[in-house]
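Below is one structure, written out as structure tokens, with a few remarks after it.
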Amino acid sequence: MMGQNIEKPRAYARAKLWLALLSGAIELAAAVGFLVSRASEALAGWLAGHVPHAAIVAAYVVVTVVGLQILSLPLGWWGRRVEIRFGLNRQSLAGWLFDECKSLALGLGLGVLGAEVLYALLRATPAHWWWWAWGVFTAITVVLAQLGPVLLLPLFFKLRQMSETEEPDATMVRRLQATYARLRAEDPKLPRLHGIFEWKLGEKSAKANAALTGLGPTRRVIISDTLLEGAAPEEIEAVFVHELGHHVHGDIWRGIAFQSALTLLGFWLADVALRAFSPALGLRGIADIAGLPLVVIVFGVLGLLLMPASNAFVRRMERRADDYSFTVLGTAQPLIAGLRRLADKNLAEVDPPRWKEWLLYSHPSIATRIRRGERWEQAQNAALGRG
Ligand SMILES: [Zn+2]
């Protein structure tokens, strides 16, 4: 495959896996330790004597989230070193620190909001809170999915709507829009797409990517500048049509539905765990804010156990989006070329071991995707030969 060095991507994948394992282990150990040592209860008790009653939940979240951030700072630093060592980082130290501060602020905002909602429900309806929490958190997920591309993503990246009328975009955008218009003419029910955006990833990373984001009026395809600058127009088109595949198949809604099912299971299990362990952990009932780490542990462990299932779910959507690109364009070659380019740029492990792909990969590996494209071409040629 392009005869590229396979050792470097393998080493990069190894480093990333260690980072993920360590950060998961640290977070889990911190939550368990905090709870079992009764430090959580002690913090809640101390706050009860020092902050107004109405602010206890928010204060607890601020202290624990900042604490966790400090604890995971060395790992974040190591993550940056890995990107630098493999030649993928383009961000200055100051820029990186600024991003860390912004994600901390965002985490605090969303964390306080989530915990306030959760504990209001736990107090108001102790028997049915998990059912209500599921509804409210699913609604929050939908709102965030809609606001993501206009509110959250711009906190970290510049996005620019690509112009239909001005170069250097015009030729490319007109080509992509003509493809989209053709598909819409064939299928008038095809939902609307609100723009194609250049995603300025290049000032932070050498990696390339593209995505479908947003809901309703914010639904758009974003393509990184790092992909736009090097790839042939037909490769960009093939990637764009892959994203259109997600659009046509309603994959963002499918993802939200899957996430929502997980959330329901998580809150129900959290209810079971809170009732079972509250006395032993010295909590004053299930609505004691000191029990929050237990809710976090339940979601963390559940997410880990269901990772193979959720990855399989996403990989299936990816395969269908690839197939959509092959069918719409009548060829698999441009997407195959685009995938090879992405693999090169992102130092992707092209052909990882089966178990690794099955367990950890949210996309099929590049080799799997290319093999699928080649099989599609062969089937196509065989059919044409017979016809
Ligand atoms: Zn995709």
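So here's what we get for this one:
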read-out: Cβ-Cβ under 7 Å pairs, at least 6 apart or on other chains, segment 362-377 side within 21 Å of N311 (Cβ to Cβ), far side aromatic (F, W, Y) and crowded, with 20+ Cβ neighbours inside 10 Å; value: G373/F326
read-out: Residues satisfying the stated conditions in segment 347-371, i.e. assigned to a helix (DSSP H, G or I) and surrounded by fewer than 19 Cβ atoms within 10 Å (Cβ to Cβ); value: R354, W355, K356, E357, W358, L359, L360, A367, R371
read-out: Some residue of segment 120-135 being surrounded by fewer than 13 Cβ atoms within 10 Å (Cβ to Cβ), over 21 Å from the mean Cα position of the chain (by Cα) and aliphatic (A, V, I, L, M); value: yes
read-out: Residue in segment 309-318 that is closer than 22 Å to T179 by Cα, within 15 Å of the ligand (Cβ to nearest atom) and touching a residue at least 40 places away in the same chain (Cβ under 8 Å) present; value: yes
read-out: Residue check, V241 modelled with pLDDT of 95 or more, away from the ligand (no atom under 16 Å from the Cβ) and part of a helix (DSSP H, G or I); value: no
read-out: A59 crowded, with 17+ Cβ neighbours inside 10 Å, over 27 Å from the mean Cα position of the chain (by Cα) and without any contact (Cβ under 8 Å) to a residue 24 or more places away in the chain; value: yes
read-out: Selection from segment 244-288 of residues that are crowded, with 20+ Cβ neighbours inside 10 Å, free of Cβ contacts under 8 Å to residues at least 60 places away in the same chain and within 16 Å of the ligand (Cβ to nearest atom); value: H247
read-out: Elements of type helices (runs of 4 or more DSSP H) in segment 152-233, at least 1 residues being surrounded by 15 or more Cβ atoms within 10 Å (Cβ to Cβ) and over 25 Å from the mean Cα position of the chain (by Cα); value: 170-186
read-out: Qualifying positions in segment 156-201 - small (G, A, S) and out of contact with any helix residue (DSSP H, G or I) (no Cβ under 7 Å at 6 or more places or on another chain); value: A170, A178, A181, A185, G195
read-out: Output for segment 75-118, where each listed residue is within 24 Å of T226 (Cα to Cα), surrounded by 14 or more Cβ atoms within 10 Å (Cβ to Cβ) and charged (D, E, K, R); value: R80, E83, R90, D99, E100
read-out: Contacts under 9 angstrom Cβ, first residue in segment 167-181 being more than 17 Å from S224 (Cα to Cα), partner in a loop (DSSP other than H, G, I, E, B) and charged (D, E, K, R), 6 or more apart; value: R174/E164; Q177/E164
read-out: Unique match (being modelled with pLDDT under 95 and either under 18 Å from V298 (Cβ atoms) or touching a helix residue (DSSP H, G or I) at 6+ places or on another chain (Cβ under 7 Å) (or both)) among A58, A48; value: A48
read-out: Top-ranked residue of segment 25-43 - restricted to ones that are of a type in the set (G, A, S) and touching a helix residue (DSSP H, G or I) at 6+ places or on another chain (Cβ under 7 Å), ranked as nearest to G291 (Cα to Cα); value: S40
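Okay, residues lined up against (1) outside any helix (DSSP H, G or I); (2) touching a strand residue (DSSP E or B) at 6+ places or on another chain (Cβ under 7 Å); (3) among the hydrophobic types (A, V, I, L, M, F, W, C); (4) modelled with pLDDT under 95:
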position	(1), (2), (3), (4)
L292	no, no, yes, no
V295	no, no, yes, no
V301	no, no, yes, no
F313	no, no, yes, no
M317	no, no, yes, no
R320	no, no, no, no
F326	no, no, yes, no
I336	no, no, yes, no
L342	no, no, yes, yes
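The values are calculated or read from the model by the stated rules, or taken from the named source; none is laboratory data. Quick caveat: nothing in here was measured; it's all calculated off a predicted structure. Cβ coordinates were reconstructed from backbone atoms using ideal geometry, including for glycine residues, and neighbour counts include every protein chain displayed.
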